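Shown next, in structure tokens, is the structure this report addresses.
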Amino acid sequence: MTEPKEILVRLDRCMGCHSCELACAVAHSESRSLYGALAERPRPKRRVYVESVSPAIPVPVLCRHCEEAPCMHACIAGAIKRTEEGVVLTVSDKCIGCWTCVMVCPYGVIGRNLEEHKAYRCDRCPDRATPACVEACPTKALVYSSVADFSRDTRRTASEAMVGGQGG
């Protein structure tokens, strides 16, 4: 069995351009276009957040689809489920808008759609081969890969830097 893919972050590459946020909102819009999304009501919501920490270090943060997902265990309506691929989803029709999932999420990445009174989160763009945020990232700070492949590539890059006299 192949290891599932996840959205992983290369922190050293993020320049805080917010392209991922915009692409995410557009991908979750009715029109699937930037200009169409701007006119939609309610406005499409992003599911990835670029936070600036320690004066100006941008950090993309999104749902980690935790193995022991506290949001799933806390949902009193049974609106949060896990797919066979390991993606934790909020079933909008079942969500009652109590925000318990928001309160227990350790990453603060479950959004509140106040117009519809529903919670939402990253769904890894199930209708796309690569999530919109990953595709839009100009510096490739976001990577859609298995953890094993991501780790292998990171080791390879570090090894090449060491051999080239650039590493520690």
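Rule-based calculations on the coordinates, nothing more; no lab input. Small disclaimer: the values here were computed from a predicted structure and weren't measured.
Miscellaneous remarks
- For LEU142, the residues 5 or more places off, or on other chains, whose built amide H falls under 5 Å of its own are ARG10.
- The spacing between segment 109-168 and segment 2-42, judged by their C-alpha centroids, is 12 Å.
- Taking θ as phi - 60° and the Karplus parameters 6.51, -1.76 and 1.60, the scalar couplings of segment 21-33 work out to 5, 5, 4, 5, 4, 5, 5, 9, 8, 5, 7, 6, 9 Hz in sequence order, x denoting glycine and proline.
- On Cα atoms only, tilt of 147-163 relative to the major axis of the chain in degrees: 30
- Amide H contacts under 5 Å for VAL87: none, restricted to partners 5 or more places along the chain or on a different chain, H placed in the peptide plane at 1.01 Å from N.
- Among PRO126, PRO55, PRO106: highest mean-square fluctuation, GNM of the chain, C-alpha pairs under 10 Å: PRO55
- Relative contact order for the chain, counting Cα pairs under 8 Å that sit 6 or more residues apart, in percent: 28
- Remark on VAL50: its backbone amide H falls under 5 Å from those of VAL61, a criterion applied only to residues 5 or more positions apart or on other chains, H modelled at 1.01 Å from N.
- Pairs of C-alpha atoms in the chain farther apart than 19 Å represent 61 percent of all such pairs.
- Rounded to the nearest whole Hz, the Karplus-based 3J(HN,Hα) values (6.51 cos²θ - 1.76 cosθ + 1.60, θ = phi - 60°) of segment 4-13 follow the sequence x, 7, 9, 8, 10, 10, 9, 4, 5, 9, with x at glycine and proline.
- For the chain, built as a Gaussian network whose Cα springs stay under 10 Å, the top-fluctuating residue of LEU22, LEU89, LEU38: LEU38
- Whole-Hz Karplus values for segment 71-87 come out as 5, 5, 6, 8, 5, 6, 8, x, 8, 10, 9, 10, 7, 4, 7, x, 7 Hz, taken residue by residue from phi with 6.51 cos²θ - 1.76 cosθ + 1.60 and θ = phi - 60°; glycine and proline positions read x.
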